[in-house]
Each structure stands twice: as C-alpha cells, then as structure tokens.
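The values are calculated or read from the model by the stated rules, or taken from the named source; none is laboratory data. This one's a predicted model, so the numbers in the text were calculated from it and none came from an experiment. Cβ coordinates were reconstructed from backbone atoms using ideal geometry, including for glycine residues, and neighbour counts include every protein chain displayed.
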Amino acid sequence: MHNIKDIRKNFEDFKKSMELRNTDLDFENILSLDEKNRALIQEKENLEKEKKNISKSKDEKLFAKSKEISTKIDDLSKKQHSIKKQLDDILSSIPNIPLKDVPIGKDENDNKEILKVGEIKNFAFKPKSHYEIGEKLNMLDFDLATKTTGSRFVFVKDKLASLERAISNFMIDTHTKINGYTEISPPLMVTDETMFGTGQLPKFENDQFEIKFDEKEGRKFLIPTAEVILTNMVKNQIINLNSLPIRVVASTPCFRKEAGSYGKDTKGMIRQHQFYKVELVSIVENSNCIDELERMTNSATMILDKLKLPYRKIILSTGDMGFSAEKTYDIEVWLPSENKYREISSCSSCGTFQARRMKARYKNKENVTDFVGTLNGSGLAVGRTLIAILENYQTEDGSVQIPDVLKPYMDNIDKISIN
RNA sequence: GGAAGGAUGGGUGAGCUGGUUUAAACCAGCGGUUUGCUAAACCGCCGUACGCUUGAAAAGGUGUACCGAGGGUUCGAAUCCCUCUCCUUCCGCCA
C-alpha cells in the first residue's frame with residue numbers, strides 16, 4: 001500500500017508508474033478525496049482542542065457548550081471516516097511501483113531471459129509427459145481425485161508420494177543448513193486481515209478459498225502460499241534492528257481457486273487447487289531488498305543445480321509482475337514433453353509495500369522507525385519439481401531415475417519402476 | 001463448554017478510590033564523557049499515527065488521537081459500565 005503523502009508529493013511519477021503496470025485509476029478522485037479528508041481532520045481537531053480546554057478549565061458555565069461541541073465532532077468524524085474509507089479502498093487496490101531496472105512491457109512476452117543453466121537432454125525416444133509416466137507407474141491418480149474431490153486435484157501414491165516428500169525434505173534441509181533459513185511449520189489458515197497484509201485481499205478475493213468457521217469468528221482463508229503467513233509473522237510490530245534479517249522457510253500445502261484459468265493446463269498436475277510448495281521469506285532492512293532478492297534467487301536455483309535440472313532465470317516485465325512486487329525473477333525448469341521452460345519458482349522483492357499494509361516496522365541505525373522490506377520466493381514448488389524430475393529423469397522403459405541428492409531420502413534406491 | 005484473573009510504549013512493569021499522568025521506573029536502543037581497545041561507570045536522548053506549519057532539502061516547531069478492539073457514562077476516562085478478541089490458571093471434553 002502506498003503512502004498518500006508520497007503520492008501527493010510525486011504525483012506525476014506515480015501516474016507514470018501506474019501506467020506502466022496497466023493500472024487504470026481515477027487520479028483526480030484520489031487527490032480530491034485526500035484534500036477533503038485533510039480539511040475534515042483539521043476542522044475536527046480544532047473542535048477537539050476547544051473541548052479539551054473547557055474540560056481543563058472545569059468551568060461549569062461552559063459544560064453545556066462542550067456537550068454541543070461533542071455532537072459536532074461526532075458528525076465530522078463520521079464524514080471524515082467515510083471519506084478516508086473511500087480513499088483507503090482505492091489505495092489498497094493499487095499495485096506496487098516497479099523498480100527502475102524492471103523491463104517495461106505489457107505481459108509475459110516482454111519478460112527478459114537473463115540466465116540459462118544446465119544441459120537439455122537429448123532423448124533417444126519421444127519423452128512422455130509427467131502424467132503419462134505417473135499413470136503408467138500407477139502412482140499418479142487423477143480419476144480417483146475427481147471421484148472423491150473434483151477436478152484439479154490428484155492422488156500421488158506409493159514411491160511417487162515418497163519422492164514428493166523427499167523433494168520437500170531435501171529443499172528444507174538445503175535452505176536451513178546451507179542458506180541460513182529457519183524452518184517454520186505454520187497454520188494453513190489465516191484471517192482476512194493477514195490476507196490483506198500481503199495483498200491477496202481485497203483485490204484477489206476470487207482466487208482464495210474461504211473457510212466456513214463459527215459465526216462469531218472473523219473470516220478465515222486457506223493460504224494460497226506460505227508467503228502469506230510467513231510474511232505476516234512480523235505484522236503490527238516494531239522489530240529490533242539486531243533481529244534482522246529474518247529468514248524463514250516452510251513447506252506447506254497451498255490452495256488456489258485458479259479462477260480465470262479454466263482452459264489452461266487442464267491435464268496433469270501443473271495447475272492444481274492444492275499443491276505443496278517450499279516457500280522462502282525474508283524480512284530485511286528496506287535498503288537491503290535488492291541484495292536479498294539476489295541471495296534468495298540464488299537459494300532457489302541452488303536446488304535446481306543440485307537436482308541437475310536445466311533451467312533459466314527471467315526477469316518479469318512491468319506488465320507481468322504480481323500485485324505486491326517491485327521486482328520479480330521467475331525461474332523456469334525445462335519440461336521435455338512440452339519442449340519448453342515452465343515456471344517453478346518466483347522470487348519477488350516487495351520493498352516496503354507489504355510492510356505498510358501490515359504495519360511491520362523496525363528501528364533503523366538512526367533509531368528512526370521505518371517500514372521493513374519483505375521478500376518471498378518459492379524454493380521451490382514441490383509438485384512442479386516432481387513433474388520436472390519425472391520428465392527429465394525418465395527412461396525409455398517408463399521408469400524414472402532418482403537424482404543423486406535425493407537418494408539418501410529414498411532409501412538409496414536408484415529408480416522408480418513399474419511394479 | 002464452565003469458573004476466575006489478566007492485556008499499558010521495542011521489552012519488563014507501576015498507575016486503575018475518574019481532573020499534577022502531559023503514562024512513572026527499569027531494561028534494551030541511540031548520542032556523549034571517560035578510556036590504548038573492550039567492558040564498566042556517569043550524563044543526555046528515546047512511543048505510534050495523522051493534521052497544520054518553517055525549510056530547497058536535511059531537520060525542526062506545533063496540534064489532535066491512541067494504554068488489546070469496538071461502543072457507552074461524564075464537562076472530562078488508561079482508570080467506571082457493556083460487548084468482543086486474545087492470553088493465563090483451574091474444571092470438563094478430546095487427537
């Protein structure tokens with residue numbers, strides 16, 4: 001969320017940034033609401049001062065007048081709150097401003113590749129898709145999921161279920177032992193306020209699963225990514241400088257409605273309503289965001305290096321970035337059956353954008369309170385890593401080799417084959 | 001689910017028989033003195049948000065609100081009343 005003061009001050013810059021992000025806004029309305037709001041605050045504060053003086057004087061003759069002032073204040077207060085709410089509603093739906101080095105563009109076609117790693121294997125046969133491999137092995141069962149739950153879910157069985165768990169454990173171990181992250185096992189449900197903090201609400205409510213809870217309770221949602229709950233660990237607090245940076249990692253299921261992607265990736269487990277993801281979150285001094293983003297992205301690619309999966313790193317254009325991001329790297333893994341790279345991780349710096357929404361602050365070196373910087377990245381999407389291993393490590397007879405680094409997690413077996 | 005107690009600044013914690021509280025004190029933090037360095041000691045500063053204002057800016061000045069959240073009583077609420085949330089302890093139930 002943006003500070004209205006900054007918008008007021010750098011209005012033209014702000015306008016331009018929003019155009020880069022294809023955001024259509026009624027800029028004049030923002031300014032006029034802001035002015036009205038401030039005028040009402042002034043009026044109200046003057047009355048409050050008068051009232052305060054009367055009560056201090058303890059002059060009984062003025063008591064009646066004080067009462068009169070109270071009703072006026074109530075009235076002004078209501079007006080001001082309504083204006084402020086209108087303003088906040090608009091502000092809370094405005095995306096973050098891209099950093100200067102983010103390529104300007106309309107959509108994903110304007111993203112820029114910046115790195116390509118690993119050798120793409122030349123198969124002597126036509127490589128099968130992950131779902132063909134999985135179904136042949138009898139270890140991916142989409143029909144069973146349809147029967148019990150619905151579309152876009154899957155049963156992972158037997159050795160593939162172990163492999164999925166192995167992937168997750170391997171990632172967590174790498175991030176905790178080598179990359180300096182602390183493991184967290186968080187709640188998978190959050191309040192609406194928490195969803196607001198990271199930017200899922202109010203604008204993207206349609207993508208979220210809401211849980212029916214007791215009437216009395218506030219609203220609760222299933223997390224669409226652990227980013228939501230890990231980032232919000234610092235909400236509504238002022239952190240000591242010496243406890244920064246905070247680096248946490250969690251492996252959690254993620255729940256997404258995938259509204260608006262009806263035709264996309266209907267086959268296989270590329271796009272599911274529920275999937276496991278290992279998520280990295282960093283809370284840093286806001287001046288360290290850029291460095292931390294590189295560090296985080298390197299932590300994510302380290303996994304692919306160790307798994308010996310070919311990948312590329314791209315920087316998202318202004319038109320393709322997520323709502324809260326100021327700069328995003330996507331990491332895409334090679335899928336032989338599709339003959340192209342597919343997203344397996346997305347690492348973003350959000351600057352102070354989420355911190356403002358969460359009111360997450362710290363005391364900087366000058367002892368001045370300032371908003372923290374927040375970053376999040378997948379390290380990596382577990383389901384898609386499973387897919388990548390199935391496809392890249394497949395052999396002609398339908399079995400799948402186990403990547404060396406995962407063998408210790410799989411009873412040191414070499415491959416998974418048809419029973 | 002029942003009963004009792006509690007929630008105060010970054011932390012600990014007084015105030016809670018309405019008006020010298022304009023939120024004490026301690027710790028942490030920041031600045032300084034001393035010092036070969038560290039430590040210690042001593043001195044000073046130190047809540048948050050928003051408005052107005054001086055200034056090119058950095059940084060000041062000033063006002064209002066805020067003592068878990070929201071309402072109420074009152075000329076006046078951290079303090080009294082109501083509702084809710086969360087925490088602690090005890091009882092019951094339970095993986």
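Descriptive notes on the structure:
- Filter result (of a type in the set (A, V, I, L, M, F, W, C) and at pLDDT 95 or above) within the range A:393-419: A:VAL400, A:ILE402, A:VAL405, A:LEU406, A:MET410, A:ILE413, A:ILE416
- Within the range A:235-269, considering residues that are more than 21 Å from A:GLN208 (Cβ to Cβ) and part of a strand (DSSP E or B), the one farthest from RNA strand B (Cβ to nearest atom): A:VAL249
- Tally, over the range A:1-24, of residues that are under 24 Å from A:LYS79 (Cβ atoms) and surrounded by fewer than 17 Cβ atoms within 10 Å (Cβ to Cβ): 3
- Only one of the numbered conditions (1) buried (at least 17 other Cβ atoms within 10 Å of the Cβ); (2) free of Cβ contacts under 8 Å to residues at least 40 places away in the same chain; (3) part of a helix (DSSP H, G or I) is violated by A:GLU227, and that is (2).
- Top-ranked residue of the range A:361-419 - restricted to ones that are in a helix (DSSP H, G or I) and among the hydroxyl-bearing types (Ser, Thr, Tyr), ranked as farthest from RNA strand B (Cβ to nearest atom): A:THR385
- Any hit, the range A:9-21, residues being within 13 Å of RNA strand B (Cβ to nearest atom) and either among the aliphatic types (A, V, I, L, M) or in a helix (DSSP H, G or I) (or both): yes
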